């Protein structure tokens, strides 16, 4: 009887211990739904007195760097960091490799910790010639034990299915939208189209706009409400920013910017009715960040830091912009900084070697 009592007691104790452990695991599982499980700002002081900065990954970017173990010698790695540059974390290596300008990452709409990016898809054959294609991939970001982590990537579109490559992407910012706009290049005829694809990977892509090979279309950006799409058009003699209506593809505005030798890397302001589009422009051989006011067609110099400037991304309230700049063409000298429009000041370097940064909405 005594042995039976001891056995029952041990069994109850083990059951209680298991229940407690299972409860602890369940409380941490909320990270799987994309929410950040840690507080969003400030520091944590440990029992030992150490101060740890809370991970709040709001900026994602690429770093072109050497790989020390196996594979190609140089790779593009995706990182995230806090607004102040702390908690830099490498999420993943973009694999299979494709040129940086075709793979840059961008955040999904507000409240969804998902990043989309491009990478090589399956090859396809056209008239006996083999062509490479690009695919669109998604990965979910969570914070586990104060460390950002990326889920296993999932492919939602592959150009090999329609003889094309994707080289640009923008997510409809409407919080209720599950839609990405992409530019596809059809080979070898070299026409370009803007397509809308569902992010669940199950819907049918819709082509809303097509151009011939005369212009290079790139740098899609949605209006804050998701109703319009803007993009840059460049050829040897003409430059412009064109705005189309999302559902019909009808052109509603085309602003000639032929005074520039290059126009690109667009980002539409975040405020709901913002008419402001920021863009990278080359004027008289100097690269800077400019803004276009769609209500007046006015062009303004956003900021001039004396160096080549590329790929700006507005903060959620439009008061700041994260961007990359470089003092030479070397990949290793790219730097990420933040410009404050309210104070007219530029932050210190937040990430060395980083480029194509995106600020979470």
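The values are calculated or read from the model by the stated rules, or taken from the named source; none is laboratory data. Just so it is clear, the model here is predicted, and its values are computed rather than measured. Cβ: placed from backbone, ideal geometry, glycine included. Neighbour counts: every protein chain shown.
Numbers below:
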{"read-out": "2 or more residues closer than 17 Å to residue 359 by Cα and in contact with a strand residue (DSSP E or B) (Cβ under 9 Å, 6 or more places away or on another chain): qualifying strands (runs of 3 or more DSSP E) within region 254-321", "value": "262-268, 276-283, 308-314"}
{"read-out": "Residue check for residue 180: farther than 21 Å from residue 135 by Cα, assigned to a strand (DSSP E or B) and at pLDDT 85 or above", "value": "no"}
{"read-out": "Selection status of residue 249, surrounded by fewer than 19 Cβ atoms within 10 Å (Cβ to Cβ) and under 24 Å from residue 231 (Cβ atoms)", "value": "yes"}
{"read-out": "Residue 49 surrounded by fewer than 12 Cβ atoms within 10 Å (Cβ to Cβ), within 22 Å of residue 348 (Cβ to Cβ) and at pLDDT below 85", "value": "no"}
{"read-out": "Near pairs, Cβ below 9 angstrom, 6+ apart or cross-chain, from region 284-313 (at positive phi and touching a residue at least 40 places away in the same chain (Cβ under 8 Å)) to any residue that is surrounded by 14 or more Cβ atoms within 10 Å (Cβ to Cβ) and outside any strand (DSSP E or B)", "value": "311/104"}
{"read-out": "Hits in region 128-171 - residues which are within 14 Å of the chain's Cα centre (by Cα) and farther than 30 Å from residue 227 by Cβ", "value": "150"}
{"read-out": "Given (1) surrounded by fewer than 21 Cβ atoms within 10 Å (Cβ to Cβ); (2) in contact (Cβ under 8 Å) with a residue 40 or more places away in the chain; (3) touching a helix residue (DSSP H, G or I) at 6+ places or on another chain (Cβ under 7 Å); (4) over 18 Å from residue 55 (Cα atoms), number of the condition residue 187 does not satisfy", "value": "(3)"}
{"read-out": "Scope region 257-285; condition surrounded by 13 or more Cβ atoms within 10 Å (Cβ to Cβ) and over 27 Å from residue 109 (Cβ atoms); matching residues", "value": "257, 260, 261, 262, 281, 282, 283"}
{"read-out": "Within region 214-237, tally of residues that are farther than 17 Å from residue 313 by Cα and assigned to a strand (DSSP E or B)", "value": "5"}
{"read-out": "Residue in region 226-246 that is nearest to residue 181 (Cα to Cα), counting only those that are surrounded by fewer than 17 Cβ atoms within 10 Å (Cβ to Cβ) and at pLDDT below 95", "value": "235"}
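Residues are listed down the side, and each one gets a yes or a no for (1) at pLDDT below 85; (2) surrounded by 14 or more Cβ atoms within 10 Å (Cβ to Cβ); (3) touching a strand residue (DSSP E or B) at 6+ places or on another chain (Cβ under 7 Å):
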position: 75; (1), (2), (3): yes, yes, yes
position: 84; (1), (2), (3): no, yes, no
position: 100; (1), (2), (3): yes, yes, yes
position: 112; (1), (2), (3): yes, yes, no
position: 116; (1), (2), (3): yes, yes, yes
position: 130; (1), (2), (3): yes, no, no
position: 134; (1), (2), (3): yes, yes, yes
position: 143; (1), (2), (3): no, yes, yes
